[in-house]
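Below: the structure, in structure tokens.
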Amino acid sequence: MTALSNDRNTRRRDGEIFSDPVAAGVLIRIGALVCLNAAGNAVPGATATGLTARGVAWGRVDNTGGSAGDARVETEAGVFRFANSAGGDEITRADIGADAWIVDDQTVAKTGAPVETVPTRSTAGRIVDIDSAGVWVAIA
């Protein structure tokens, strides 16, 4: 590509709103933590490695009878409150600034591996606050 020789309408995105193809056989609910799998398709947050947190779903998308990409889900990145794990994986104020780890599509935990030393979870984002209702996580 060469340098511009005329004006150009350069499109812009804010980097917070996304529309991604949904994986085959998947149901994503409104408000769910949404991740991208290894193929780049949207899936609900789950205990698994290799997921990339994408944001929170704006709408319910049912692709349970479809192939990958037959449906799309809109997500928003930002800071969201999720349910806190329990026991040794419960996040406390001392964990602010650390990574939160995905348990499911609404729950985060303190560690990536509750029992083993090899992570069994993917990161949700950075812990920015905690209150009595849950954990505030920044998803970029």
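The values are calculated or read from the model by the stated rules, or taken from the named source; none is laboratory data. If you're wondering where the values come from, they're calculated on a predicted model, not measured in any experiment. All Cβ positions, glycine included, derive from the backbone under ideal geometry; neighbour counts span all protein chains shown.
When the residues of region 61-76 are filtered to those that are β-branched (Val, Ile, Thr) and in contact (Cβ under 8 Å) with a residue 40 or more places away in the chain, the one that is nearest to PHE18 (Cα to Cα) is THR75.
So, ALA38, is that one out of contact with any strand residue (DSSP E or B) (no Cβ under 7 Å at 6 or more places or on another chain) and over 21 Å from VAL137 (Cα atoms) or not? Spelling it out, ALA38 is indeed out of contact with any strand residue (DSSP E or B) (no Cβ under 7 Å at 6 or more places or on another chain) and over 21 Å from VAL137 (Cα atoms). I'm trying to understand the selection: among the residues of region 40-79, which are surrounded by fewer than 16 Cβ atoms within 10 Å (Cβ to Cβ), closer than 11 Å to ILE28 by Cα and among the β-branched types (Val, Ile, Thr)? Correct list: THR64 only. Answer yes if at least one residue in region 33-53 is of a type outside the set (S, T, N, Q) and touching a Phe, Trp or Tyr at 6+ places or on another chain (Cβ under 8 Å), and no otherwise. There is at least one residue in region 33-53 that is of a type outside the set (S, T, N, Q) and touching a Phe, Trp or Tyr at 6+ places or on another chain (Cβ under 8 Å). For region 42-54, the criterion of a residue being of a type outside the set (A, V, I, L, M, F, W, C) and over 21 Å from ALA100 (Cβ atoms) is satisfied by no position.
Being under 21 Å from ILE30 (Cα atoms), of a type in the set (Ser, Thr, Tyr) and outside the structural domain of VAL22 (by TED's automatic domain parsing) is true of THR107. A count restricted to region 105-140 and to residues that are part of a loop (DSSP other than H, G, I, E, B), modelled with pLDDT of 95 or more and among the small types (Gly, Ala, Ser) stands at 3.
Restricted to region 112-140, and to residues there that are in contact with a Phe, Trp or Tyr (Cβ under 8 Å, 6 or more places away or on another chain) and surrounded by fewer than 17 Cβ atoms within 10 Å (Cβ to Cβ), the residue that is nearest to GLY45 (Cα to Cα) is PRO119.
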